[in-house]
Amino acid sequence: MVNCYIYVRTHLSLKIIWTLLIFLIVTGCKNDDGINVELDNEVNEFIWQGLRTYYFWQEEVPDLADDRFETFNELHAFLNQFAEPELLFNHFRYSDDRFSWIVDDYRELDNALQGISKSFGYEFNLVSIGTTSSLFGYVEYVLPDSPAEAAGLKRGDVFHSINGIRLTQFNFGQLVSGLEHQILSLGDFESINEGIFDDGTTIEMSAVEISENPIFLTRTFEVGDIKVGYLVYNQFINSFHSELNSAFGQLKSEGVSEMILDLRYNSGGAISTARLLASMLYDDATDETVLGSIIYNSRLSDFNSDLTFMEVVPILDGNNNSVGEETMNRLDLSRLFILTGESTASASELVIAGLQPYMDLTLIGTTTVGKNVGSVTLYDSPDEGYVSKVGINPNHTYAMQPIISQLANSVGFTDYVDGIQPNVEISELDHIKNLRPLGDDKEPLVAEALGIIAGVGRSLPAIKLDLQSIYNSKENRPFSRAIIDSETELNKLTLTKFPFEN
């Protein structure tokens, strides 16, 4: 007797249950009497099973092919070549894949998806000066009630050293990650030629666990008799839907007719929340209006589907379970201004691309990351199709976040792997000496949008400094640049074990 694994998709819709046989996951099956090569590391089998099921580029990776192994002896011998799970995972990664990753503790992933992380409470960008190896950092924003705020750090502050060590292109990796305690030495950027002036000020902080509200700031500007809404939105977290709805309720009550959406620090998150945000911005949409589409590998092509707008606000808990709904606050807009930057990615880009066929969009900032693919968290829980922690293997805590899908808007536009270009290009780096607080009407990107709304054209002179971004603190976050495919019918995919005769 042999044991084979097949996947079954069960979808409950309008009280009709239908089952679709997807595929045999093991070709050749497992012969209980013929295994003489034992598996050294069960994590490796989880990686192989998960990737050959879901990975978007599965057909492009020879060692993930259905006919690659005829017996479990062959499979075990192959997997045993990789002493560390990370080595096997990287072996399977397709050459064009910039975004898949693996961690050895899924609890870190679960927290990050809900905006919970241990940090100092500020985001920063590291910048090189000309052709030198010297770096400096500047603060993009500071979270309220964080160690950074308590220490007096603020947006626009410039630092040149961490824990007394001057930042360079050769040492910054060790200085910006994994620290529990941090001392920043502050200064001022003088010029390309003069570099950074050390003013002798230091900021001392200790990291704590922080739950970040992705709605960083909501306010209304007045431009003549025009009310302009402004929202700084920093991550698509589906357990903050009620807070997002409240922010739009505030803007609606203040009578805004123009809107500036600040996504320059938003590197992604949940597809469901991207759909929700787009629905609040485009008032004419219904739950049958297509925002975009999602495409999987060929073996999961039956799951390809449209992503539609929403008409109500789904309220979800931290485990992505529905706990109710709210009436949606929507703005009646004829156009939309979106601020972009080098951290604008994935779910943010889905909102931009998805709204383009329906609204007049003006993008102000710099080119976005270029992430038109989605991922899902895979756990070692084969009986749940690897997408749930129910029945998870207790012997390890590894989890994967592989790319499993490609995204397009309603007219099939998906080609933005090089990023989405702004209509008006303005880099924060060119205004490093004039970074006003977020929400200030003279903050460079906001001022540009307000100038266009007021009909006065460009509000700032064109400046170009020889500065280059080397590293952004968002890159150190587990879900940086991720779009989380957690709401689709893949959640219904379960692994069922059946006995088959030879």
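Quick notes
- Flag if residue 361 is of a type outside the set (Ser, Thr, Tyr), assigned to a loop (DSSP other than H, G, I, E, B), at pLDDT 95 or above and farther than 30 Å from residue 45 by Cα: no
- Output for the range 379-402, where each listed residue is small (Gly, Ala, Ser) and either more than 21 Å from the chain's Cα centre (by Cα) or crowded, with 22+ Cβ neighbours inside 10 Å (or both): 381, 385, 391, 399
- Cβ-Cβ contacts under 7 Å between residues 6 or more apart (or on different chains), taken from a first residue in the range 259-288 that is without any contact (Cβ under 8 Å) to a residue 24 or more places away in the chain to a second residue that is surrounded by fewer than 24 Cβ atoms within 10 Å (Cβ to Cβ), are listed as 288/308.
- Residues located in the range 186-220, provided they are of a type outside the set (A, V, I, L, M), under 29 Å from the mean Cα position of the chain (by Cα) and part of a strand (DSSP E or B): 206, 209, 211, 216, 218, 219, 220
- Total residues in the range 163-184, condition part of a strand (DSSP E or B) and in contact (Cβ under 8 Å) with a residue 24 or more places away in the chain: 5
- Residue check for residue 284: among the acidic types (Asp, Glu) and in a loop (DSSP other than H, G, I, E, B): yes
- One residue stands out among those in the range 426-456 that are of a type in the set (A, V, I, L, M), in a loop (DSSP other than H, G, I, E, B) and surrounded by 14 or more Cβ atoms within 10 Å (Cβ to Cβ): the one that is modelled with the highest pLDDT, which is 438.
- Of the residues examined, residue 469 is one that is surrounded by 14 or more Cβ atoms within 10 Å (Cβ to Cβ) and touching a helix residue (DSSP H, G or I) at 6+ places or on another chain (Cβ under 8 Å).
Yes/no matrix, rows are residues, columns are (1) surrounded by fewer than 21 Cβ atoms within 10 Å (Cβ to Cβ); (2) among the hydroxyl-bearing types (Ser, Thr, Tyr); (3) more than 19 Å from residue 338 (Cβ to Cβ):
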| position | (1), (2), (3) |
| --- | --- |
| 226 | yes, no, no |
| 231 | no, no, no |
| 249 | yes, no, yes |
| 257 | yes, yes, no |
| 261 | no, no, no |
| 265 | no, yes, no |
| 275 | no, no, no |
| 278 | no, no, no |
| 292 | no, no, no |
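- In the range 330-358, the residue that is surrounded by the most Cβ atoms within 10 Å (Cβ to Cβ) out of those that are more than 18 Å from the chain's Cα centre (by Cα) and over 23 Å from residue 406 (Cα atoms) is 337.
- Checked against the criterion of being out of contact with any Pro (no Cβ under 7 Å at 6 or more places or on another chain), in a loop (DSSP other than H, G, I, E, B) and closer than 30 Å to residue 389 by Cβ, the candidates 329, 320 yield just one match: 320.
- Selection count, the range 113-149, where residues are crowded, with 22+ Cβ neighbours inside 10 Å, in contact with a Pro (Cβ under 8 Å, 6 or more places away or on another chain) and among the small types (Gly, Ala, Ser): 1
- Just one of the numbered conditions (1) modelled with pLDDT of 90 or more; (2) among the hydrophobic types (A, V, I, L, M, F, W, C); (3) in contact with a Leu (Cβ under 8 Å, 6 or more places away or on another chain); (4) not in a loop (DSSP other than H, G, I, E, B) is not true of residue 310: (4).
- In the range 145-157, the residues that are touching a residue at least 24 places away in the same chain (Cβ under 8 Å) form Cβ pairs under 6 Å with partners that are surrounded by fewer than 19 Cβ atoms within 10 Å (Cβ to Cβ) and in a loop (DSSP other than H, G, I, E, B), at six or more places apart or across chains, as follows: 155/437.
- Every listed requirement among (1) closer than 22 Å to residue 257 by Cα; (2) buried (at least 20 other Cβ atoms within 10 Å of the Cβ); (3) in contact (Cβ under 8 Å) with a residue 12 or more places away in the chain is met by residue 405 save one, (1).
- For the range 77-96, the set of residues classified as part of a helix (DSSP H, G or I) and buried (at least 19 other Cβ atoms within 10 Å of the Cβ) consists of 79, 85, 88, 89, 92, listed by residue number.
The values are calculated or read from the model by the stated rules, or taken from the named source; none is laboratory data. Remember, it's a predicted structure, so these values are computed and weren't measured experimentally. Cβ sites come from the backbone with ideal geometry, for glycine too, and all protein chains shown count toward neighbours.
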